[in-house]
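Asker: Have a look at this one.
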């Protein structure tokens, strides 16, 4: 029997004894048949949005292009699929993920005479950072309907946080240009500002603290990568995956618009299946569908559902 229930039962028994009334036998059995829990039934208080592929940079091209060029400079040819394999992770972890792919590791060893080492990762990352900084401003255009969605959320009193795989020096370049385009979240947390990046929950917790939001069930994490979803799940938030505009489809807006409806549906369904398998509570095409999803989540919260 839980300590709280024991204390309550004891208090009831003492009161009944003082009143010279016998303790009903059924009351003693209640704790064996039922269990109670506290649940949040209020509104959504905040959303935590990813950057590339979710709010800016339709198709998530900024990191991909730089990784391709970086490995080419090392005499190692990688594919776009290789470059996208660690998308959403802190960029040094992203590098490790690419190097761990069998074809890349084999090509690296063939070119450099040994498998990639931690020293190689550090050196590559040192080269990657200035290369990424140089091109980030070209990938700051908001994804369609983002600004309207942000206005709608703020009109509902919902705060806008953000997490990313970009380190702070990169966000210091990207965020001001995004702001010039009209997008400026209430808070930004980078992976080099917490103990670890995705899929750990620390960036989400830091957003909640800085935005003054609790409980975590009142927050929705939105992103286009699998580690976005894992990050939200590990933090105890609701999660919404974006299938069409991000890394899993990996096409620009113009390329998507050129697809046949059948091809577009096929690619979107493939991406959605991956996001759902990772544990996403909802999956939609893009950020423009988020307000409708938030209404669905609030209905579930009102029924005491938990993420």
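The values are calculated or read from the model by the stated rules, or taken from the named source; none is laboratory data. Here the structure is a predicted model, which is why all the values come from computation and not from measurement. Cβ: placed from backbone, ideal geometry, glycine included. Neighbour counts: every protein chain shown.
Asker: Hey, residue 131 hits all of (1) over 23 Å from the mean Cα position of the chain (by Cα); (2) farther than 25 Å from residue 180 by Cα but one; which does it fall short on?
Answerer: Residue 131 satisfies every listed condition except (2).
A quick yes/no check of all residues on (1) at pLDDT 95 or above; (2) assigned to a loop (DSSP other than H, G, I, E, B); (3) touching a strand residue (DSSP E or B) at 6+ places or on another chain (Cβ under 6 Å); (4) on the phi > 0 side of the Ramachandran plot:
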| residue | (1), (2), (3), (4) |
| --- | --- |
| 172 | yes, no, no, no |
| 183 | yes, yes, yes, no |
| 192 | yes, no, no, no |
| 207 | yes, no, yes, no |
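Asker: Let me ask something else. So how many residues does the stretch 158-170 have that are buried (at least 16 other Cβ atoms within 10 Å of the Cβ) and assigned to a helix (DSSP H, G or I)?
Answerer: Restricting attention to the stretch 158-170, the residues satisfying the condition of being buried (at least 16 other Cβ atoms within 10 Å of the Cβ) are 158-167, 170.
Imposing the further condition that a residue be assigned to a helix (DSSP H, G or I) reduces the set to 170.
Number satisfying all stated conditions: 1.
Asker: Is there any pair linking a residue in the stretch 179-207 that is closer than 13 Å to residue 50 by Cα to one that is assigned to a helix (DSSP H, G or I) and modelled with pLDDT under 95, with Cβ under 7 Å and at least six apart or on different chains, and which?
Answerer: Listed pairs, sorted by first residue: 197/93.
Asker: Going through the stretch 220-260 one residue at a time, which ones are closer than 22 Å to residue 86 by Cβ and without any contact (Cβ under 8 Å) to a residue 40 or more places away in the chain?
Answerer: Result: 234, 235, 248.
Asker: Among (1) in a loop (DSSP other than H, G, I, E, B); (2) in contact with a strand residue (DSSP E or B) (Cβ under 9 Å, 6 or more places away or on another chain), where does residue 231 come up short?
Answerer: Against the list (1) in a loop (DSSP other than H, G, I, E, B); (2) in contact with a strand residue (DSSP E or B) (Cβ under 9 Å, 6 or more places away or on another chain), residue 231 comes up short only on (1).
Asker: Shifting gears a bit: Quick check on residue 63: is it in contact with a helix residue (DSSP H, G or I) (Cβ under 9 Å, 6 or more places away or on another chain) and either surrounded by fewer than 23 Cβ atoms within 10 Å (Cβ to Cβ) or farther than 28 Å from residue 193 by Cα (or both)? Give the steps one after another, and end with the answer.
Answerer: Numbers: in contact with a helix residue (DSSP H, G or I) (Cβ under 9 Å, 6 or more places away or on another chain): yes; either surrounded by fewer than 23 Cβ atoms within 10 Å (Cβ to Cβ) or farther than 28 Å from residue 193 by Cα (or both): no.
In short, no.
Asker: Residues in the stretch 99-106: is at least one closer than 26 Å to residue 204 by Cβ and either surrounded by fewer than 21 Cβ atoms within 10 Å (Cβ to Cβ) or under 22 Å from the mean Cα position of the chain (by Cα) (or both)?
Answerer: Quick first cut of the stretch 99-106, residues closer than 26 Å to residue 204 by Cβ only: 100.
Narrowing further to those that are either surrounded by fewer than 21 Cβ atoms within 10 Å (Cβ to Cβ) or under 22 Å from the mean Cα position of the chain (by Cα) (or both): 100.
Checked the stretch 99-106: at least one residue is closer than 26 Å to residue 204 by Cβ and either surrounded by fewer than 21 Cβ atoms within 10 Å (Cβ to Cβ) or under 22 Å from the mean Cα position of the chain (by Cα) (or both).
Asker: Tally the residues that are touching a helix residue (DSSP H, G or I) at 6+ places or on another chain (Cβ under 7 Å) and in a helix (DSSP H, G or I), restricting the search to the stretch 29-60.
Answerer: Residues that pass the stated criteria total 1.
Asker: Another question, if that's okay. Please enumerate the residues belonging to the stretch 209-228 that are in contact with a strand residue (DSSP E or B) (Cβ under 6 Å, 6 or more places away or on another chain) and under 18 Å from residue 153 (Cα atoms).
Answerer: First, the residues of the stretch 209-228 that are in contact with a strand residue (DSSP E or B) (Cβ under 6 Å, 6 or more places away or on another chain): 211, 213, 219-222, 224.
Within the stretch 209-228, 211, 213, 219, 220, 221, 222 meet the criteria.
Asker: Restricting attention to helices (runs of 4 or more DSSP H) lying wholly within the stretch 74-157, give those where 2 or more residues are farther than 20 Å from residue 57 by Cα. Lay out the reasoning, then the answer.
Answerer: On the way: elements: 80-84, 91-100, 102-112, 118-135, 146-155.
By residue number, 91-100, 102-112, 118-135, 146-155.
Asker: Within the stretch 241-260, is even one residue assigned to a strand (DSSP E or B) and under 22 Å from residue 165 (Cα atoms)? Walk me through how you get there before you give the answer.
Answerer: Start the filter on the stretch 241-260 by keeping residues that are assigned to a strand (DSSP E or B), which leaves 241-242.
Pick out the ones that are also under 22 Å from residue 165 (Cα atoms) and you get 241-242.
Yes, that holds for at least one residue.
Asker: Given the condition loosely packed, with under 15 Cβ neighbours inside 10 Å, outside the structural domain of residue 89 (by TED's automatic domain parsing) and either within 24 Å of residue 90 (Cβ to Cβ) or within 13 Å of the chain's Cα centre (by Cα) (or both), answer yes or no: does some residue in the stretch 286-297 qualify?
Answerer: Let us first name the residues in the stretch 286-297 that are loosely packed, with under 15 Cβ neighbours inside 10 Å, namely 292, 295-296.
Those still in the list that are outside the structural domain of residue 89 (by TED's automatic domain parsing) too: 292, 295-296.
Filter again for either within 24 Å of residue 90 (Cβ to Cβ) or within 13 Å of the chain's Cα centre (by Cα) (or both), leaving none.
No, the stretch 286-297 has no match at all.
Asker: Would it be correct to say that residue 1 is surrounded by fewer than 16 Cβ atoms within 10 Å (Cβ to Cβ), in a loop (DSSP other than H, G, I, E, B) and either at pLDDT 65 or above or over 18 Å from the mean Cα position of the chain (by Cα) (or both)?
Answerer: On the way: surrounded by fewer than 16 Cβ atoms within 10 Å (Cβ to Cβ): yes; in a loop (DSSP other than H, G, I, E, B): yes; either at pLDDT 65 or above or over 18 Å from the mean Cα position of the chain (by Cα) (or both): yes.
Taking the combined requirement at face value, the residue satisfies it.
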